[in-house]
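Working notes for the structure below.
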Amino acid sequence: MEWLQQDWVRASGALLLTVLLAVLTRTVLQRALAARMGGPQAKPISRLAFWVVAIGGSAGALRQVGFDLSVLLGAAGILTVAIGFASQTSASNLVSGLFLLAERPFQIGDAVRIGAISGEVLSVDLLSVKIRTFDNLFVRVPNETVMKAEIINLTRFPVRRFDLVLRLPPTPRLGELEALLMETLAKENVVLDEPPPQIIWLGTGERWIEVQVSAWASRQRFLELRSRVTVGVFMMLQREEIQAVPPASLGSAPAPKL
């Protein structure tokens, strides 16, 4: 009876030590990963490490009291194989999630475009990425899908460029038109001086000339930039009585890109 009590004391001590070690592992790992990839991304990995240590230590504690784990491990093995066949997609999502957490193409709060889905990243978990679209819909994207898709981070860098491409009728006033376009951009305080705005002549056709108006703004004011530059340029063209070439008059040329 005394030896049984001693085994239970040792098992209880081992279990307590396991809990403390699991908590310590989770805390240290989360702090170390948070410094590199941010707190929200570090939580799933540290949580997984906690359960690995906790389950392993608990198995050792059960052995202290003479519990035969072979039957349990055998049943767990069979269950693992069955679950493995049934959850291959989940395993793929889990591995993809670990790659996403390590690579960090985006983080919580970033505006991204993943395939055909655009929105703000709400969370990056081990199995999926949660996104709130710009029209306020909730979308869950499996990590495997994210890894296979093209990822565009719209807010990774502090400034963004807007390109307005116009097709205009041929005119000998190219120099004057370029000056008018630059003057239009200079009137908009949302347009940054550095990098400077640009007017780029892209090409000509029989009945049109293509020009690109490019301007930069801080990422927080990008939508304002797009709206103000578009309105400003078309109002200037209207004042100068210059009309964009309608698609029907382009013949085989592609339609105007706005």
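Rule-based calculations on the coordinates, nothing more; no lab input. The structure displayed is predicted, hence computed values, not measured ones. Glycine also receives a Cβ, built like all others from the backbone with ideal geometry; neighbour counts cover every protein chain displayed.
Can you tell me how much longer the chain between GLU224 and ASP135 gets when fully stretched, taken as 0.36 nm per residue apart minus their C-alpha distance, in nm with one decimal? Before the final figure, lay out each step's value.
Values: separation 89, 0.36 × 89 = 32.04 nm, distance 1.76 nm.
Result for the pair: 30.3 nm of gain on full extension.
Summarising the label geometry, the points placed 7 Å from Cα in the beta-carbon direction at ALA91 and ILE200 lie 4.7 nm from one another. Note on the stretch 129-170 and the stretch 171-221: Cα centroid distance 24 Å, given to the nearest whole angstrom. Sorted fewest first by neighbouring Cβ atoms within 10 angstrom, SER123, SER128 come out as SER123, SER128.
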